[in-house]
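Below is one structure; the comments refer to it alone.
The values are calculated or read from the model by the stated rules, or taken from the named source; none is laboratory data. As the structure is a computational prediction, the values presented were derived from the model and not from experiment. FYI the Cβ positions are ideal-geometry reconstructions off the backbone, even for glycines, and counts take in every protein chain you see.
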Amino acid sequence: MNEGGKGGIPDDALIRTTLAGDDGAFAELVERYKGRAFAVAVGIVGDGDDALDVVQDSFIKAYYKLKEFRFGSNFYTWFYRLLVNQAIDRWRKSARSAEVPFDESWLSGDASPPDSFAYPRTPEDLARNRELGDALQFAVDALPEYHRAVIVLREVDGMAYDEIAKVLGCSVGTVMSRLHYARGKLKEALKTHREG
Amino acid sequence: MDCRAALMSIEAKADGLLPREAAAELAGHLAGCPACSAEDAAIEAAGPVLRALTGIRAMEKAPALDAMWTRVRAGIEEGREARRRSPWIARWVWIPAAAALAVFALLFYPAGTDRSPFHPSTFDVAVEDVESDVATVALVDKGEDLPRVIWIIEDAKS
């Protein structure tokens, strides 16, 4: 996908203009992708301030590596690779990565919950159910890093399997198996919360 | 459809890979099976709840996110300044340093376990013809014993 289709300037053109010395074109790329980049980063690192740092560092890195970009490929796939690696590095260095050992036992159980239950689907609804948000964040934090990256790229960013495979440098089959595992863990966390 | 098949279909549905006929069959099973229905509801909710969670974080950090280009530009400027401050010689100094290290390693590191480190007293650079088709540049020790070639480069005579 090359953004800018809705009347905007295509990514490739902005990159060429940036390489010609116009930082304003790069500012446009930052504005275009910062929201999605933040959503992916916060999904991986969990903390909002850490995610802001990750997004900032990734854009700076992208700026200095821009001459390595291969025209014809997707900027955002190329950029997301930097972003995800930066986020995983950040996660490894953070204290939170050591705080959340995965414990299978708290996810177990298959009792039938009441039929009337509905999961929140908007930030506003979820904000009123902080416990569920915390439970889900705990489950996300407990996932292995690359499984977390896969579920965030798929569910938060809506990326296709082949795009995720390009970003993470793995096969589509690996993406699917990681997604299956991650989705299963999140599902169990949601079910456990619903039953609790 | 039994529960086992239903669970597989639920996963396929979440991936958007469930054919329409199978989806209808699954819906029929879910209507009469609370356990599979709960499973389906949870797996269907995983994506939206995760998006809602990142949405909350984004709302909390909206002002900082608005100023992202300011932060990025500051980082770019900082990088430029750092590059300006480091003199070009510092960036290339590794080349002569590596060459010096290589010569030292050749001179003082024993090649075999039964050999002592080599400490030459004098050096000479010789250009010699070998079989009259190659020029050889050699660093030669003309110490007390026989001349000893320490370092040699062969190249086309031209």
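So the values come out like this:
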{"read-out": "Helices (runs of 4 or more DSSP H) contained entirely in the range B:15-76, each with at least 2 residues that are within 7 Å of chain A (Cβ to nearest Cβ) and in contact with an Asp or Glu (Cβ under 6 Å, 6 or more places away or on another chain)", "value": "B:34-60"}
{"read-out": "Single residue of A:E188, A:E145 found to be more than 19 Å from B:G16 (Cβ to Cβ), acidic (D, E) and over 13 Å from the mean Cα position of the chain (by Cα)", "value": "A:E188"}
{"read-out": "Qualifying residue in the range A:25-40 (condition: at negative phi, in contact (Cβ under 8 Å) with a residue 24 or more places away in the chain and more than 21 Å from the chain's Cα centre (by Cα))", "value": "yes"}
{"read-out": "Matching option when the condition is away from every other protein chain (no Cβ under 13 Å), at pLDDT 90 or above and under 30 Å from A:S73 (Cα atoms), among A:S177, A:S171", "value": "A:S171"}
{"read-out": "Filtered residues of the range A:101-127 (kept if modelled with pLDDT of 50 or more and aliphatic (A, V, I, L, M))", "value": "A:A118, A:L126, A:A127"}
{"read-out": "Residues within the range A:118-134 that are within 9 Å of chain B (Cβ to nearest Cβ), surrounded by 12 or more Cβ atoms within 10 Å (Cβ to Cβ) and part of a loop (DSSP other than H, G, I, E, B), tallied", "value": "4"}
{"read-out": "Selection within the range A:27-40 - more than 8 Å from chain B (Cβ to nearest Cβ) and surrounded by fewer than 24 Cβ atoms within 10 Å (Cβ to Cβ)", "value": "A:E28, A:R32, A:Y33, A:R36"}
{"read-out": "Where A:R130 falls short, out of the listed (1) among the charged types (D, E, K, R); (2) modelled with pLDDT under 85; (3) farther than 24 Å from A:R36 by Cα", "value": "(3)"}
{"read-out": "Per-region count, the range A:41-76, residues in contact (Cβ under 8 Å) with a residue 60 or more places away in the chain and facing another protein chain (nearest Cβ under 9 Å)", "value": "2"}
